[in-house]
Amino acid sequence: MGKVGFGYDFHRLEKGKGFLLAGIKIPCKYAITAHSDGDILLHSLADAILGAIGEGDIGRYFPPGRKFTKDISSVRILGYSLELARKKRYKIANIDTTILLQEPKLTSYKTRLSESIAKLCRIPVELVNVKAKTTEGLGDIGRKKAISCYAVVLLERR
Ligand SMILES: [Zn+2]
């Protein structure tokens, strides 16, 4: 029996020199405001994995506002959720993600983002899909004040 998990994340954007997605620096005129390193792609993915195994969310293990989570690498957060899934004898069947942002265009990054997620999860890149969409200029995301991300993961028994 497979287990499906869903994750969502949202962060404010401010003027800056770029932000992290799946551990890759995306140079642009914006930065993500966050207590951690603000990697929304990894945050939503970690939440999806925790959701699939019924282990709450990343806030349970890495609460925002605490000293030990200040600027914490999201690679560690993802690694923790993967470890919990592994202990419950689950492995990733596939991952699908959608990033919502107005700028910059991520077209040229999608392959690298998929490869990075695959590497961090130690799975073949064919099992990872990364999509990016704008909100056609509407709302906080359209006004470049925010960025969000959705992730779905299917886990199967090892
Ligand atoms: Zn986040």
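The values are calculated or read from the model by the stated rules, or taken from the named source; none is laboratory data. Predicted model only: the values in this text are computed from it and were never measured. Heads up, the Cβs are rebuilt from the backbone with ideal geometry, glycines too, and the neighbour counts pull from every protein chain shown.
Quick test of your reading of the structure: Y8 fulfils all but one of (1) within 14 Å of the ligand (Cβ to nearest atom); (2) buried (at least 24 other Cβ atoms within 10 Å of the Cβ). Name the failing condition by number.
If we test Y8 against (1) within 14 Å of the ligand (Cβ to nearest atom); (2) buried (at least 24 other Cβ atoms within 10 Å of the Cβ), just (2) comes out false.
Any residue at all in the range 66-83 that is away from the ligand (no atom under 14 Å from the Cβ), under 22 Å from A132 (Cα atoms) and outside any helix (DSSP H, G or I)?
Within the range 66-83, not a single residue is away from the ligand (no atom under 14 Å from the Cβ), under 22 Å from A132 (Cα atoms) and outside any helix (DSSP H, G or I).
Is there a residue in the range 104-121 that is free of Cβ contacts under 8 Å to residues at least 12 places away in the same chain, farther than 30 Å from K29 by Cβ and of a type in the set (K, R)?
Looking through the range 104-121, none of the residues is free of Cβ contacts under 8 Å to residues at least 12 places away in the same chain, farther than 30 Å from K29 by Cβ and of a type in the set (K, R).
Out of the residues in the range 33-60 that are over 13 Å from the mean Cα position of the chain (by Cα) and within 13 Å of the ligand (Cβ to nearest atom), state the one that is surrounded by the fewest Cβ atoms within 10 Å (Cβ to Cβ).
Filtering the range 33-60 for residues that are over 13 Å from the mean Cα position of the chain (by Cα) and within 13 Å of the ligand (Cβ to nearest atom), the one surrounded by the fewest Cβ atoms within 10 Å (Cβ to Cβ) comes out as G59.
Do we find that R86 is at pLDDT 95 or above, under 14 Å from L154 (Cα atoms), out of contact with any Phe, Trp or Tyr (no Cβ under 7 Å at 6 or more places or on another chain) and not aliphatic (A, V, I, L, M) in this structure?
Spelling it out, R86 is indeed at pLDDT 95 or above, under 14 Å from L154 (Cα atoms), out of contact with any Phe, Trp or Tyr (no Cβ under 7 Å at 6 or more places or on another chain) and not aliphatic (A, V, I, L, M).
Condition check ((1) among the polar types (S, T, N, Q); (2) in contact (Cβ under 8 Å) with a residue 60 or more places away in the chain) across all residues:
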{"position": "V4", "(1), (2)": "no, yes"}
{"position": "K25", "(1), (2)": "no, no"}
{"position": "S36", "(1), (2)": "yes, no"}
{"position": "P63", "(1), (2)": "no, no"}
{"position": "I99", "(1), (2)": "no, yes"}
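Would you mention how many residues in the range 124-149 are under 19 Å from A31 (Cα atoms) and in a strand (DSSP E or B)?
So the answer is 6.
Can you pull out the strands (runs of 3 or more DSSP E) entirely within the range 1-60 that have at least 2 residues that are of a type in the set (K, R) and touching a strand residue (DSSP E or B) at 6+ places or on another chain (Cβ under 9 Å)?
Those strands (runs of 3 or more DSSP E) span 3-15.
Has the range 138-158 got any residue that is modelled with pLDDT under 95 and either among the charged types (D, E, K, R) or touching a Gly at 6+ places or on another chain (Cβ under 9 Å) (or both)?
Looking for residues that are modelled with pLDDT under 95 and either among the charged types (D, E, K, R) or touching a Gly at 6+ places or on another chain (Cβ under 9 Å) (or both), one finds at least one in the range 138-158, hence yes.
Of all the residues that make up the range 20-32, how many are of a type in the set (A, V, I, L, M, F, W, C), more than 11 Å from the ligand (Cβ to nearest atom) and either modelled with pLDDT under 95 or within 15 Å of I141 (Cα to Cα) (or both)?
Residues meeting the conditions: 1.
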